[in-house]
1. Conditions first: (1) of a type in the set (Asp, Glu); (2) more than 25 Å from the chain's Cα centre (by Cα); (3) part of a helix (DSSP H, G or I). B:Glu392 passes all but one, so which condition is the exception?
2. Among helices (runs of 4 or more DSSP H) lying entirely in the stretch B:136-199, which contain 1 or more residues that are within 14 Å of chain A (Cβ to nearest Cβ), touching a Phe, Trp or Tyr at 6+ places or on another chain (Cβ under 6 Å) and among the aliphatic types (A, V, I, L, M)?
3. If you scan the stretch A:1-29, which residues turn out to be free of Cβ contacts under 8 Å to residues at least 24 places away in the same chain, more than 14 Å from chain B (Cβ to nearest Cβ) and of a type in the set (S, T, N, Q)?
4. Give the stretch B:333-357 a look and list any residue that's of a type outside the set (A, V, I, L, M) and in contact (Cβ under 8 Å) with a residue 40 or more places away in the chain, or say none.
5. With respect to the numbered conditions (1) free of Cβ contacts under 8 Å to residues at least 12 places away in the same chain; (2) assigned to a helix (DSSP H, G or I), which one is the sole condition not fulfilled by B:Lys284?
6. Do we find that A:Ile32 is at pLDDT 95 or above and either within 14 Å of chain B (Cβ to nearest Cβ) or under 17 Å from B:Phe28 (Cα atoms) (or both) in this structure?
7. Would you check which residues across the stretch B:224-245 are more than 14 Å from chain A (Cβ to nearest Cβ) and either assigned to a strand (DSSP E or B) or aromatic (Phe, Trp, Tyr) (or both) and list them?
8. Just to check your reading of the model, which residue among B:Ile365, B:Ile334 is buried (at least 24 other Cβ atoms within 10 Å of the Cβ) and outside any helix (DSSP H, G or I)?
Amino acid sequence: MAIKIRIPTPLQKLTGDKAEVAVQARNVNEMIEALEKSYPGIKSRICDETGKIRRFVNIYLNEEDIRFLSQEKTGLKDGDEVSIVPAIAGGL
Amino acid sequence: MSFLKCLKSKGSGREYPKEAIYVCEYDFSPLEADYDYDAIRKALTREKIEKGPRSLWRYRALLPVDGEPTVGLYSGFTPLVRAKRLAAEWGVRELYIKDDSVCHPTWSFKDRVVAVALTRARELGFTTVACASTGNLANAVSAHGAKAGFERYIFIPHDLERGKVLGSLVYNPHVIAVEGNYDDVNRLCSEIVAKYHWGFVNVNLRPYYSEGSKTIGFEIAEQLGWKAPDHMVVPAASGSLITKIWKAFKEFEKLELLNGRVTTKIHCAQPEGCSPIATAILNKSEHVLPVKPKTIAKSLAIGNPADGYYAKDVIHDSGGSAAIVSDDEIREGIKTLARMEGIFTETAGGVTVASAQKLIRQGAIDPDSVIVLAITGNGLKTQEAIQTAVGEPVFIEPSLKSFEEKVRPPKTVMKA
(Lines give C-alpha, C1' and ligand atoms only; values in the text may rest on other atoms or scores of the structure.)
Protein backbone atom coordinates (compact mmCIF):
# COMPACT_ATOMS: atom_id res chain seq x y z
CA MET A 1 0.00 0.00 0.00
CA ALA A 2 1.59 3.26 -1.09
CA ILE A 3 1.29 6.23 1.25
CA LYS A 4 2.35 9.65 0.03
CA ILE A 5 4.22 11.70 2.65
CA ARG A 6 5.03 15.40 2.48
CA ILE A 7 8.39 16.10 4.09
CA PRO A 8 9.00 19.46 5.80
CA THR A 9 12.04 21.55 4.79
CA PRO A 10 14.10 20.76 7.92
CA LEU A 11 13.97 17.04 7.08
CA GLN A 12 14.60 17.27 3.37
CA LYS A 13 18.37 17.00 3.89
CA LEU A 14 17.69 13.43 4.93
CA THR A 15 15.44 12.61 1.97
CA GLY A 16 17.88 13.86 -0.67
CA ASP A 17 15.99 17.17 -0.98
CA LYS A 18 12.77 15.37 -1.84
CA ALA A 19 9.67 17.19 -0.58
CA GLU A 20 7.47 14.16 -1.13
CA VAL A 21 8.20 10.48 -0.70
CA ALA A 22 6.15 7.26 -0.78
CA VAL A 23 6.29 4.26 1.55
CA GLN A 24 4.29 1.12 2.27
CA ALA A 25 2.63 1.11 5.69
CA ARG A 26 -0.57 0.09 7.48
CA ASN A 27 -0.37 2.65 10.24
CA VAL A 28 1.61 5.70 11.34
CA ASN A 29 4.08 3.67 13.40
CA GLU A 30 4.85 1.49 10.43
CA MET A 31 5.17 4.56 8.27
CA ILE A 32 7.84 6.01 10.54
CA GLU A 33 9.73 2.70 10.56
CA ALA A 34 9.52 2.54 6.76
CA LEU A 35 10.81 6.09 6.49
CA GLU A 36 13.71 5.21 8.77
CA LYS A 37 14.60 2.24 6.55
CA SER A 38 14.77 4.41 3.43
CA TYR A 39 16.17 7.53 5.08
CA PRO A 40 18.26 6.53 8.08
CA GLY A 41 18.23 9.09 10.90
CA ILE A 42 14.78 10.49 10.14
CA LYS A 43 13.04 8.65 12.99
CA SER A 44 15.11 10.30 15.69
CA ARG A 45 14.05 13.68 14.34
CA ILE A 46 10.35 12.85 14.39
CA CYS A 47 10.32 10.80 17.59
CA ASP A 48 11.95 11.31 20.98
CA GLU A 49 14.15 8.79 22.83
CA THR A 50 11.10 6.79 23.96
CA GLY A 51 9.79 6.46 20.42
CA LYS A 52 6.89 8.91 20.92
CA ILE A 53 6.25 11.57 18.30
CA ARG A 54 7.88 14.80 19.46
CA ARG A 55 5.75 17.61 20.94
CA PHE A 56 6.54 20.01 18.16
CA VAL A 57 5.84 17.62 15.31
CA ASN A 58 2.34 17.56 13.89
CA ILE A 59 1.31 14.71 11.64
CA TYR A 60 -1.76 15.05 9.47
CA LEU A 61 -3.58 12.27 7.66
CA ASN A 62 -5.50 13.74 4.72
CA GLU A 63 -5.57 17.12 6.49
CA GLU A 64 -6.66 15.78 9.91
CA ASP A 65 -4.33 15.93 12.92
CA ILE A 66 -3.63 12.32 14.01
CA ARG A 67 -4.07 13.40 17.64
CA PHE A 68 -7.78 13.59 16.81
CA LEU A 69 -7.58 10.09 15.27
CA SER A 70 -5.68 7.21 16.90
CA GLN A 71 -2.31 8.93 17.29
CA GLU A 72 0.60 6.67 16.25
CA LYS A 73 -1.83 3.78 15.79
CA THR A 74 -3.85 5.66 13.18
CA GLY A 75 -4.50 3.30 10.29
CA LEU A 76 -3.38 4.10 6.74
CA LYS A 77 -4.63 2.87 3.40
CA ASP A 78 -3.54 3.01 -0.20
CA GLY A 79 -3.62 6.55 -1.59
CA ASP A 80 -3.60 8.29 1.79
CA GLU A 81 -1.63 11.50 2.05
CA VAL A 82 0.32 12.30 5.17
CA SER A 83 1.93 15.63 6.05
CA ILE A 84 4.66 16.05 8.62
CA VAL A 85 4.54 19.65 9.79
CA PRO A 86 6.49 21.49 12.49
CA ALA A 87 4.27 23.31 15.01
CA ILE A 88 4.06 26.98 14.18
CA ALA A 89 2.96 29.98 16.16
CA GLY A 90 0.30 32.60 15.85
CA GLY A 91 -2.30 34.22 18.00
CA LEU A 92 -1.51 35.50 21.44
CA MET B 1 24.84 48.37 16.60
CA SER B 2 23.31 44.94 16.93
CA PHE B 3 23.18 42.82 20.05
CA LEU B 4 21.45 39.95 18.23
CA LYS B 5 23.88 37.04 18.25
CA CYS B 6 22.08 34.13 16.67
CA LEU B 7 18.99 31.97 16.85
CA LYS B 8 18.98 29.20 19.41
CA SER B 9 16.87 26.05 19.66
CA LYS B 10 14.64 26.14 22.72
CA GLY B 11 14.86 22.36 22.93
CA SER B 12 18.36 21.22 21.98
CA GLY B 13 20.18 24.53 22.59
CA ARG B 14 21.86 24.30 19.18
CA GLU B 15 22.76 27.62 17.56
CA TYR B 16 21.61 28.74 14.12
CA PRO B 17 22.38 31.77 11.92
CA LYS B 18 19.97 34.72 12.29
CA GLU B 19 18.10 34.02 9.06
CA ALA B 20 14.50 33.30 8.08
CA ILE B 21 14.36 29.90 9.77
CA TYR B 22 12.16 28.79 12.60
CA VAL B 23 12.59 25.20 13.76
CA CYS B 24 15.47 23.22 15.12
CA GLU B 25 16.42 20.54 12.60
CA TYR B 26 17.04 18.07 15.39
CA ASP B 27 13.96 18.14 17.57
CA PHE B 28 11.60 20.53 15.75
CA SER B 29 11.48 22.84 18.75
CA PRO B 30 11.16 26.57 18.02
CA LEU B 31 14.17 28.81 17.49
CA GLU B 32 14.51 31.88 19.66
CA ALA B 33 16.60 35.05 19.36
CA ASP B 34 19.74 35.08 21.49
CA TYR B 35 21.54 38.28 22.46
CA ASP B 36 24.90 39.42 23.72
CA TYR B 37 23.64 40.31 27.21
CA ASP B 38 27.08 41.34 28.47
CA ALA B 39 27.32 44.00 25.79
CA ILE B 40 23.71 45.08 26.44
CA ARG B 41 24.41 45.41 30.16
CA LYS B 42 27.26 47.82 29.40
CA ALA B 43 25.26 49.84 26.89
CA LEU B 44 21.75 50.00 28.33
CA THR B 45 20.55 52.08 31.28
CA ARG B 46 17.14 53.23 32.52
CA GLU B 47 18.06 56.78 31.51
CA LYS B 48 18.84 55.71 27.95
CA ILE B 49 15.53 53.91 27.66
CA GLU B 50 13.64 56.87 29.12
CA LYS B 51 15.23 59.20 26.56
CA GLY B 52 14.27 56.88 23.69
CA PRO B 53 11.32 57.20 21.32
CA ARG B 54 7.80 56.93 22.76
CA SER B 55 7.28 53.62 20.98
CA LEU B 56 8.29 50.00 21.43
CA TRP B 57 11.59 50.92 19.76
CA ARG B 58 12.85 52.45 23.00
CA TYR B 59 13.77 48.81 23.82
CA ARG B 60 15.57 48.25 20.52
CA ALA B 61 18.68 46.85 22.25
CA LEU B 62 16.54 43.88 23.34
CA LEU B 63 14.84 43.34 19.98
CA PRO B 64 16.08 41.03 17.19
CA VAL B 65 17.07 43.50 14.49
CA ASP B 66 20.50 44.54 13.22
CA GLY B 67 19.96 48.11 12.05
CA GLU B 68 17.65 51.03 12.71
CA PRO B 69 13.91 50.30 12.90
CA THR B 70 12.04 50.96 9.66
CA VAL B 71 8.50 49.77 10.45
CA GLY B 72 6.05 50.67 13.21
CA LEU B 73 7.80 53.79 14.46
CA TYR B 74 4.65 54.80 16.36
CA SER B 75 3.62 51.38 17.69
CA GLY B 76 3.62 50.45 21.34
CA PHE B 77 4.14 52.54 24.45
CA THR B 78 0.45 52.30 25.16
CA PRO B 79 -1.11 53.59 28.40
CA LEU B 80 -0.94 51.67 31.65
CA VAL B 81 -4.26 52.77 33.06
CA ARG B 82 -4.84 52.75 36.83
CA ALA B 83 -8.25 51.12 37.19
CA LYS B 84 -9.51 52.55 40.46
CA ARG B 85 -13.23 51.99 39.95
CA LEU B 86 -12.79 48.37 38.89
CA ALA B 87 -10.35 47.81 41.77
CA ALA B 88 -12.96 49.11 44.21
CA GLU B 89 -15.64 46.87 42.70
CA TRP B 90 -13.41 43.81 42.95
CA GLY B 91 -11.97 44.77 46.33
CA VAL B 92 -8.31 44.84 45.29
CA ARG B 93 -5.61 47.38 46.16
CA GLU B 94 -3.86 48.29 42.94
CA LEU B 95 -5.19 47.31 39.52
CA TYR B 96 -3.90 48.39 36.10
CA ILE B 97 -4.99 47.86 32.53
CA LYS B 98 -2.22 47.61 29.94
CA ASP B 99 -4.29 49.10 27.16
CA ASP B 100 -3.21 47.80 23.76
CA SER B 101 -6.69 48.44 22.42
CA VAL B 102 -5.17 51.77 21.34
CA CYS B 103 -1.93 50.50 19.81
CA HIS B 104 -0.96 52.25 16.55
CA PRO B 105 -1.99 51.70 13.78
CA THR B 106 -4.52 48.81 14.00
CA TRP B 107 -5.54 48.77 17.66
CA SER B 108 -4.06 45.56 18.91
CA PHE B 109 -0.78 44.32 20.39
CA LYS B 110 -0.05 42.70 17.03
CA ASP B 111 1.13 46.11 15.85
CA ARG B 112 4.15 45.52 18.08
CA VAL B 113 5.16 42.12 16.79
CA VAL B 114 4.67 43.11 13.17
CA ALA B 115 6.80 46.25 13.62
CA VAL B 116 9.66 43.99 14.64
CA ALA B 117 8.93 41.23 12.08
CA LEU B 118 8.76 43.58 9.09
CA THR B 119 11.82 45.57 10.13
CA ARG B 120 13.64 42.23 10.18
CA ALA B 121 11.95 41.08 6.93
CA ARG B 122 13.45 44.09 5.16
CA GLU B 123 16.89 43.40 6.64
CA LEU B 124 16.64 39.83 5.33
CA GLY B 125 15.76 41.09 1.84
CA PHE B 126 12.10 40.05 1.55
CA THR B 127 9.77 42.06 -0.66
CA THR B 128 6.66 39.92 -0.03
CA VAL B 129 5.31 39.21 3.45
CA ALA B 130 2.49 36.95 4.57
CA CYS B 131 0.76 35.65 7.68
CA ALA B 132 -1.81 33.20 9.00
CA SER B 133 -4.08 35.07 11.33
CA THR B 134 -7.23 35.07 13.43
CA GLY B 135 -7.63 38.75 12.51
CA ASN B 136 -5.48 41.10 14.54
CA LEU B 137 -2.23 39.91 12.99
CA ALA B 138 -3.87 40.15 9.57
CA ASN B 139 -4.78 43.79 10.22
CA ALA B 140 -1.30 44.66 11.46
CA VAL B 141 0.54 43.00 8.56
CA SER B 142 -1.87 44.63 6.10
CA ALA B 143 -1.36 48.13 7.51
CA HIS B 144 2.33 48.11 8.48
CA GLY B 145 3.12 46.29 5.23
CA ALA B 146 1.24 48.92 3.20
CA LYS B 147 3.23 51.79 4.67
CA ALA B 148 6.50 49.91 4.30
CA GLY B 149 5.71 48.98 0.68
CA PHE B 150 5.58 45.19 0.93
CA GLU B 151 3.53 42.87 -1.27
CA ARG B 152 1.19 41.13 1.23
CA TYR B 153 -0.64 37.77 1.38
CA ILE B 154 -3.01 37.45 4.31
CA PHE B 155 -4.47 34.02 5.18
CA ILE B 156 -7.50 33.92 7.51
CA PRO B 157 -10.16 31.40 8.54
CA HIS B 158 -13.32 31.93 6.45
CA ASP B 159 -15.57 32.78 9.40
CA LEU B 160 -13.85 35.79 10.98
CA GLU B 161 -15.66 38.84 12.34
CA ARG B 162 -16.56 41.31 9.59
CA GLY B 163 -14.61 44.12 11.29
CA LYS B 164 -11.42 42.12 11.18
CA VAL B 165 -11.85 41.16 7.52
CA LEU B 166 -12.63 44.74 6.48
CA GLY B 167 -9.78 45.94 8.68
CA SER B 168 -7.42 43.99 6.41
CA LEU B 169 -9.09 44.57 3.03
CA VAL B 170 -8.96 48.35 3.30
CA TYR B 171 -5.14 48.29 3.09
CA ASN B 172 -5.42 46.37 -0.20
CA PRO B 173 -3.37 43.22 0.43
CA HIS B 174 -4.25 39.80 -1.02
CA VAL B 175 -6.72 38.42 1.54
CA ILE B 176 -7.28 34.67 1.32
CA ALA B 177 -10.13 33.20 3.36
CA VAL B 178 -9.50 29.50 3.92
CA GLU B 179 -12.33 26.98 4.45
CA GLY B 180 -11.32 25.71 7.86
CA ASN B 181 -10.26 26.90 11.29
CA TYR B 182 -7.07 28.68 12.28
CA ASP B 183 -5.16 25.45 12.76
CA ASP B 184 -6.04 24.46 9.19
CA VAL B 185 -4.88 27.85 7.92
CA ASN B 186 -1.63 27.51 9.83
CA ARG B 187 -0.92 24.05 8.48
CA LEU B 188 -1.55 25.24 4.92
CA CYS B 189 0.79 28.19 5.46
CA SER B 190 3.57 25.99 6.74
CA GLU B 191 3.38 24.14 3.43
CA ILE B 192 3.23 27.36 1.39
CA VAL B 193 6.29 28.73 3.17
CA ALA B 194 8.35 25.82 1.92
CA LYS B 195 7.48 26.67 -1.69
CA TYR B 196 7.58 30.46 -1.88
CA HIS B 197 10.29 32.90 -0.92
CA TRP B 198 8.06 34.99 1.32
CA GLY B 199 8.58 36.37 4.78
CA PHE B 200 5.84 34.59 6.70
CA VAL B 201 5.49 36.69 9.83
CA ASN B 202 4.32 33.86 12.09
CA VAL B 203 6.24 31.06 10.39
CA ASN B 204 9.78 31.69 9.10
CA LEU B 205 9.96 35.14 10.76
CA ARG B 206 8.51 33.83 14.01
CA PRO B 207 11.75 34.05 16.04
CA TYR B 208 11.78 37.81 15.31
CA TYR B 209 8.04 38.42 15.38
CA SER B 210 7.46 36.77 18.74
CA GLU B 211 10.15 38.85 20.44
CA GLY B 212 8.06 41.95 19.75
CA SER B 213 5.62 40.73 22.43
CA LYS B 214 8.27 41.32 25.08
CA THR B 215 7.73 45.05 24.72
CA ILE B 216 4.40 44.79 26.59
CA GLY B 217 6.33 43.44 29.56
CA PHE B 218 9.11 46.04 29.26
CA GLU B 219 6.57 48.85 29.17
CA ILE B 220 4.60 47.57 32.14
CA ALA B 221 7.76 47.36 34.25
CA GLU B 222 8.94 50.83 33.19
CA GLN B 223 5.49 52.35 33.71
CA LEU B 224 5.23 50.86 37.19
CA GLY B 225 8.46 52.69 38.07
CA TRP B 226 10.90 49.94 37.04
CA LYS B 227 9.07 47.23 38.95
CA ALA B 228 7.46 43.98 37.89
CA PRO B 229 3.85 43.60 39.11
CA ASP B 230 2.77 40.98 41.66
CA HIS B 231 0.23 39.42 39.32
CA MET B 232 -0.41 39.47 35.58
CA VAL B 233 -3.42 38.05 33.82
CA VAL B 234 -2.61 37.25 30.19
CA PRO B 235 -4.88 35.78 27.49
CA ALA B 236 -3.53 32.76 25.64
CA ALA B 237 -4.02 31.38 22.14
CA SER B 238 -0.67 29.87 21.15
CA GLY B 239 0.70 30.75 24.59
CA SER B 240 3.44 32.92 23.14
CA LEU B 241 2.47 36.16 24.91
CA ILE B 242 2.70 34.52 28.33
CA THR B 243 6.22 33.30 27.63
CA LYS B 244 7.37 36.64 26.23
CA ILE B 245 6.02 38.82 29.05
CA TRP B 246 7.83 36.53 31.47
CA LYS B 247 11.00 36.72 29.35
CA ALA B 248 10.76 40.53 29.36
CA PHE B 249 10.61 40.73 33.16
CA LYS B 250 13.49 38.25 33.48
CA GLU B 251 15.63 40.16 30.96
CA PHE B 252 15.12 43.42 32.85
CA GLU B 253 16.02 41.61 36.07
CA LYS B 254 19.15 40.11 34.51
CA LEU B 255 20.21 43.55 33.25
CA GLU B 256 19.63 45.03 36.73
CA LEU B 257 17.08 47.52 35.43
CA LEU B 258 14.44 46.62 38.01
CA ASN B 259 13.86 47.67 41.59
CA GLY B 260 13.73 44.35 43.39
CA ARG B 261 13.34 40.84 42.00
CA VAL B 262 10.70 39.45 39.69
CA THR B 263 8.10 37.77 41.88
CA THR B 264 5.31 38.13 39.35
CA LYS B 265 2.75 35.35 39.19
CA ILE B 266 1.55 34.97 35.61
CA HIS B 267 -2.01 33.69 35.11
CA CYS B 268 -3.35 32.18 31.89
CA ALA B 269 -6.80 33.27 30.63
CA GLN B 270 -8.66 31.12 28.09
CA PRO B 271 -12.24 30.75 26.82
CA GLU B 272 -14.28 27.65 27.58
CA GLY B 273 -14.54 26.70 23.90
CA CYS B 274 -10.77 26.62 23.45
CA SER B 275 -8.71 26.13 26.57
CA PRO B 276 -6.01 23.52 25.90
CA ILE B 277 -3.34 25.34 27.93
CA ALA B 278 -5.52 26.36 30.88
CA THR B 279 -6.99 22.87 31.03
CA ALA B 280 -3.52 21.30 31.17
CA ILE B 281 -2.55 23.72 33.96
CA LEU B 282 -5.70 23.17 36.01
CA ASN B 283 -5.54 19.38 35.58
CA LYS B 284 -1.79 19.40 36.30
CA SER B 285 -1.43 17.27 33.19
CA GLU B 286 1.89 16.80 31.50
CA HIS B 287 0.47 17.14 27.99
CA VAL B 288 -1.26 19.99 26.24
CA LEU B 289 -3.91 18.20 24.21
CA PRO B 290 -5.18 19.91 21.05
CA VAL B 291 -8.89 20.71 20.76
CA LYS B 292 -11.34 21.82 18.06
CA PRO B 293 -12.16 25.43 19.02
CA LYS B 294 -15.67 26.76 19.46
CA THR B 295 -15.80 30.18 21.11
CA ILE B 296 -16.79 33.79 20.48
CA ALA B 297 -13.19 34.73 21.33
CA LYS B 298 -11.99 33.99 17.81
CA SER B 299 -8.59 35.60 18.32
CA LEU B 300 -7.96 32.92 20.95
CA ALA B 301 -9.37 30.07 18.88
CA ILE B 302 -6.16 28.13 18.39
CA GLY B 303 -6.74 24.50 19.25
CA ASN B 304 -3.17 23.38 18.74
CA PRO B 305 -1.08 25.92 20.66
CA ALA B 306 2.52 25.98 19.43
CA ASP B 307 3.88 27.50 22.63
CA GLY B 308 1.49 25.66 24.93
CA TYR B 309 4.16 23.65 26.73
CA TYR B 310 6.34 26.69 27.30
CA ALA B 311 3.40 28.76 28.52
CA LYS B 312 2.46 25.99 30.95
CA ASP B 313 6.05 25.96 32.27
CA VAL B 314 6.01 29.74 32.82
CA ILE B 315 2.76 29.57 34.75
CA HIS B 316 4.21 26.80 36.87
CA ASP B 317 7.61 28.47 37.44
CA SER B 318 6.03 31.82 38.31
CA GLY B 319 3.54 30.25 40.72
CA GLY B 320 0.57 31.47 38.71
CA SER B 321 -2.69 29.79 37.81
CA ALA B 322 -5.29 29.63 35.06
CA ALA B 323 -8.95 30.42 34.51
CA ILE B 324 -11.47 29.28 31.94
CA VAL B 325 -14.51 31.48 31.22
CA SER B 326 -17.74 31.00 29.29
CA ASP B 327 -19.02 33.07 26.36
CA ASP B 328 -21.48 34.84 28.66
CA GLU B 329 -18.72 35.66 31.13
CA ILE B 330 -16.64 37.03 28.22
CA ARG B 331 -19.47 39.38 27.20
CA GLU B 332 -19.89 40.45 30.79
CA GLY B 333 -16.13 41.06 31.02
CA ILE B 334 -16.20 43.33 27.98
CA LYS B 335 -19.12 45.29 29.41
CA THR B 336 -17.56 45.54 32.86
CA LEU B 337 -14.33 47.06 31.53
CA ALA B 338 -16.27 49.51 29.39
CA ARG B 339 -18.72 50.48 32.17
CA MET B 340 -16.10 50.85 34.91
CA GLU B 341 -12.99 52.07 33.09
CA GLY B 342 -14.15 53.45 29.74
CA ILE B 343 -12.17 50.92 27.72
CA PHE B 344 -13.87 48.92 24.98
CA THR B 345 -11.94 45.73 24.38
CA GLU B 346 -12.46 42.81 22.04
CA THR B 347 -13.48 39.31 23.07
CA ALA B 348 -9.92 38.31 24.10
CA GLY B 349 -9.98 41.25 26.52
CA GLY B 350 -13.31 40.02 27.84
CA VAL B 351 -11.65 36.67 28.53
CA THR B 352 -8.88 38.42 30.47
CA VAL B 353 -11.23 40.58 32.55
CA ALA B 354 -13.55 37.68 33.37
CA SER B 355 -10.60 35.43 34.21
CA ALA B 356 -9.07 38.05 36.51
CA GLN B 357 -12.35 38.44 38.36
CA LYS B 358 -12.60 34.68 38.77
CA LEU B 359 -9.01 34.33 40.01
CA ILE B 360 -9.49 37.12 42.55
CA ARG B 361 -12.71 35.56 43.78
CA GLN B 362 -11.05 32.15 44.08
CA GLY B 363 -8.15 33.62 46.04
CA ALA B 364 -5.55 32.74 43.40
CA ILE B 365 -4.79 36.46 43.21
CA ASP B 366 -4.06 38.26 46.47
CA PRO B 367 -6.27 41.39 46.68
CA ASP B 368 -3.54 43.29 48.53
CA SER B 369 -1.17 43.38 45.54
CA VAL B 370 -0.29 45.06 42.24
CA ILE B 371 -2.28 43.41 39.46
CA VAL B 372 -1.97 44.07 35.73
CA LEU B 373 -4.37 42.85 33.04
CA ALA B 374 -3.05 42.55 29.48
CA ILE B 375 -5.78 44.00 27.26
CA THR B 376 -4.66 43.13 23.76
CA GLY B 377 -7.27 44.37 21.30
CA ASN B 378 -10.09 46.76 20.46
CA GLY B 379 -13.81 46.05 20.82
CA LEU B 380 -14.85 47.77 17.62
CA LYS B 381 -13.36 44.82 15.73
CA THR B 382 -15.59 42.18 17.33
CA GLN B 383 -18.93 43.96 17.55
CA GLU B 384 -20.93 40.86 16.59
CA ALA B 385 -19.97 39.20 19.86
CA ILE B 386 -21.86 41.69 22.03
CA GLN B 387 -24.39 43.05 19.54
CA THR B 388 -27.31 41.63 21.48
CA ALA B 389 -25.84 42.19 24.94
CA VAL B 390 -25.60 45.97 25.07
CA GLY B 391 -29.23 47.04 24.62
CA GLU B 392 -30.63 49.63 22.20
CA PRO B 393 -30.80 53.44 22.28
CA VAL B 394 -34.05 55.08 23.40
CA PHE B 395 -35.75 56.36 20.24
CA ILE B 396 -37.64 59.65 20.65
CA GLU B 397 -39.17 62.43 18.60
CA PRO B 398 -37.30 65.76 18.53
CA SER B 399 -39.45 67.34 21.24
CA LEU B 400 -39.01 68.04 24.94
CA LYS B 401 -42.28 66.23 25.57
CA SER B 402 -41.11 63.03 23.90
CA PHE B 403 -37.76 63.28 25.69
CA GLU B 404 -39.39 63.55 29.11
CA GLU B 405 -41.98 60.86 28.40
CA LYS B 406 -39.64 58.27 27.03
CA VAL B 407 -36.36 58.98 28.84
CA ARG B 408 -37.80 60.09 32.19
CA PRO B 409 -34.65 61.77 33.50
CA PRO B 410 -34.51 62.41 37.25
CA LYS B 411 -36.04 65.81 38.02
CA THR B 412 -33.50 68.52 38.82
CA VAL B 413 -34.19 72.12 39.73
CA MET B 414 -32.56 74.69 37.47
CA LYS B 415 -30.66 77.40 39.23
CA ALA B 416 -31.85 80.91 38.38
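The values are calculated or read from the model by the stated rules, or taken from the named source; none is laboratory data. Source: prediction; values computed, not measured. Please note: Cβ atoms are built from the backbone with ideal geometry, for glycine as well, and neighbour counts cover all protein chains shown.
1. Of (1) of a type in the set (Asp, Glu); (2) more than 25 Å from the chain's Cα centre (by Cα); (3) part of a helix (DSSP H, G or I), only one is false for B:Glu392: (3).
2. On the way: elements: B:136-148, B:162-169, B:182-195.
Answer list for the stretch B:136-199: B:182-195.
3. A:Gln24
4. Step one: list which residues in the stretch B:333-357 are of a type outside the set (A, V, I, L, M), which gives B:333, B:335-336, B:339, B:341-342, B:344-347, B:349-350, B:352, B:355, B:357.
Of everything in the stretch B:333-357, those that are of a type outside the set (A, V, I, L, M) and in contact (Cβ under 8 Å) with a residue 40 or more places away in the chain turn out to be B:Lys335, B:Thr336, B:Glu341, B:Phe344, B:Thr345, B:Glu346, B:Thr347, B:Gly349, B:Gly350, B:Thr352, B:Ser355, B:Gln357.
5. Going through the list (1) free of Cβ contacts under 8 Å to residues at least 12 places away in the same chain; (2) assigned to a helix (DSSP H, G or I), B:Lys284 breaks only (2).
6. yes
7. Across the stretch B:224-245, the qualifying residues are B:Trp226, B:His231.
8. B:Ile365
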